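Everything on this sheet refers to the single structure shown next.
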Amino acid sequence: MEKKTDKTNVMRLLDAKKIAYEAFEYDASLTDGAAVAETLGQDPRSVFKTLVTVSDKGANFVFCVPVCATLDLKKAAKAAGVKSVAMLHQRDLEPLTGYVHGGCSPIGMKKRFPTFVDESALGQDKLCVSAGRRGRQVRLSPADLAAFAGAKFAPLI
């Protein structure tokens, strides 16, 4: 049983909405998504990274894709209904979202941005996303994640 102090803000937000999840902890020095999935004993197709982009008009969008996949920026822009998107500069991530690189979660950002989850998530019973801190993950159903984050499923890879 986790101590209350071990809970991340993401976990507290999920608890408040009574959304079921499992919490995982791993060595925060691991930065390779496939290694994180292996360490957690999870299929890499069910462990998702959270990527923040900026559009040609300056709007921000959040995309969640499997850790072993690459976000297709053209598909991302199409899903978001904009001409183009580019990855947000790493230095801008924390001021914008409240999360550091490697600990960015689609849940509990400072501001809610339009969020998209790769449609491959629909083939998973559960998926893992960052719990808002390096070395922490939460595993929940794709439907619960989408409902909480206001996310839409789209082809992104």
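Here are the numbers for this structure:
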read-out: Positions within region 25-38 being of a type outside the set (A, V, I, L, M, F, W, C) and either in contact with a Gly (Cβ under 7 Å, 6 or more places away or on another chain) or surrounded by fewer than 17 Cβ atoms within 10 Å (Cβ to Cβ) (or both), in sequence order; value: Glu25, Tyr26, Asp27, Ser29, Thr31, Asp32, Glu38
read-out: Residues located in region 30-53, provided they are among the polar types (S, T, N, Q) and not in a helix (DSSP H, G or I); value: Thr31, Gln42, Thr50, Thr53
read-out: When residues of region 46-99 are limited to those that are hydrophobic (A, V, I, L, M, F, W, C) and open to solvent by 50 Å² or more (accessible area, probe 1.4 Å), the one modelled with the lowest pLDDT; value: Cys68
read-out: Residues of region 5-24 classified as surrounded by 14 or more Cβ atoms within 10 Å (Cβ to Cβ) and in contact (Cβ under 8 Å) with a residue 24 or more places away in the chain, total; value: 10
read-out: Ala121 touching a strand residue (DSSP E or B) at 6+ places or on another chain (Cβ under 6 Å), touching a residue at least 40 places away in the same chain (Cβ under 8 Å), of a type outside the set (S, T, N, Q) and surrounded by 18 or more Cβ atoms within 10 Å (Cβ to Cβ); value: yes
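The values are calculated or read from the model by the stated rules, or taken from the named source; none is laboratory data. All values reported here derive from a predicted model rather than from experimental measurement. Here the Cβ is made from the backbone with ideal geometry for all residues, glycine too, and neighbour counts use every protein chain on show. The protein model used for the area step is the full one, side chains on, heavy atoms only, and it has no ligands, DNA or RNA in it. Shrake-Rupley method; radii C 1.70, N 1.55, O 1.52, S 1.80 Å.
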